[in-house]
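Below: one structure, written as structure tokens.
The values are calculated or read from the model by the stated rules, or taken from the named source; none is laboratory data. The shown structure was predicted, so the numbers you read here are calculated from the model rather than taken from an experiment. Cβ sites come from the backbone with ideal geometry, for glycine too, and all protein chains shown count toward neighbours.
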Amino acid sequence: MRIRLDDFSLKANCAFEAGKVTALIGASGAGKSTFLSALAGFVDCDGGDIRWNGARIQGLPPARRPLATLFQDNNLFPHLTIAQNVGLALGPRLRPLSKDRGPIANALDRVGLAGFDARKPAQLSGGQQSRAALARVLLQDRPIVLLDEPFAALGPGLKRDMLALLRDVILSPERVVIMVTHDPEDARYIADDIAVVADGRVMPPAPVADVLDNPSDDIKLYLGLH
Ligand SMILES: Nc1ncnc2c1ncn2[C@@H]1O[C@H](COP(=O)(O)OP(=O)(O)OP(=O)(O)O)[C@@H](O)[C@H]1O
């Protein structure tokens, strides 16, 4: 696919495997967020194609694409309870249907928030808010999950815990997980593959160790190894 935004352009000719977490790394302004936005349908492509399991998803409105997104600000609505926020994964209803209560409670339980359903986001810590946002992604149950620096606002220890939880609850053999990170150590910790974004291109994903232990010139520059 190709993306053009004023004088910025980005090309990607690559495939992302299900059952793996792929970290997107690259310098600030390289186009990592723009790439995720194009996959999600928030930014139009200038040409090319986006396919999932062979089916064209380019051109579909964001809500009809088979994906869920989790971005840095968590996107929790402050006036809604945690159960309502998580329940939005199942439809735009503020009163969950009775059949939805079990799945909502189950998602909250999986992320360690059992019993927090009636609280508002402001009554949760930053880490708990991240867990709630993760519960919503879990409940959306989409085959592609896109994450843009999802836990950047958390301290390093908590961020690690959340990355481990993310991998544990979100990754499945059928799911493609792509995560932007600024920290190569996060990639080493959670990802199977890395796709480097540099020079207007998204490079094909390669195993983490290959990319970080035998870095190309682009990666050396990014890691400050020159
Ligand atoms: N709506 C827009 N219109 C024009 N240019 C844009 C728009 N959005 C982003 N850009 C430009 O596209 C380029 C890539 O931005 P993007 O946010 O994708 O980079 P990034 O790799 O995610 O950076 P960072 O690591 O700093 O978040 C930048 O040069 C940015 O200025």
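So, Val177, is that one more than 16 Å from the ligand (Cβ to nearest atom), part of a strand (DSSP E or B) and assigned by TED's automatic domain parsing to the domain that holds Val21 or not? Considered against the rule, which asks whether it is more than 16 Å from the ligand (Cβ to nearest atom), part of a strand (DSSP E or B) and assigned by TED's automatic domain parsing to the domain that holds Val21, Val177 comes out as yes. In the set Pro173, Pro143, Pro121, Pro156, only one residue is surrounded by fewer than 23 Cβ atoms within 10 Å (Cβ to Cβ), in contact (Cβ under 8 Å) with a residue 60 or more places away in the chain and over 13 Å from the mean Cα position of the chain (by Cα); that residue is Pro173.
Checked against the criterion of being outside the structural domain of Ala15 (by TED's automatic domain parsing) and under 27 Å from Thr181 (Cα atoms), the range 89-97 has at least one qualifying residue.
When you look at Gly54, is it closer than 28 Å to Asp217 by Cα and assigned by TED's automatic domain parsing to the domain that holds Arg167, yes or no? For Gly54, the condition - closer than 28 Å to Asp217 by Cα and assigned by TED's automatic domain parsing to the domain that holds Arg167 - is not met. The criterion of at least 2 residues that are within 16 Å of the ligand (Cβ to nearest atom) is met by the following helices (runs of 4 or more DSSP H) wholly inside the range 9-127: 32-40.
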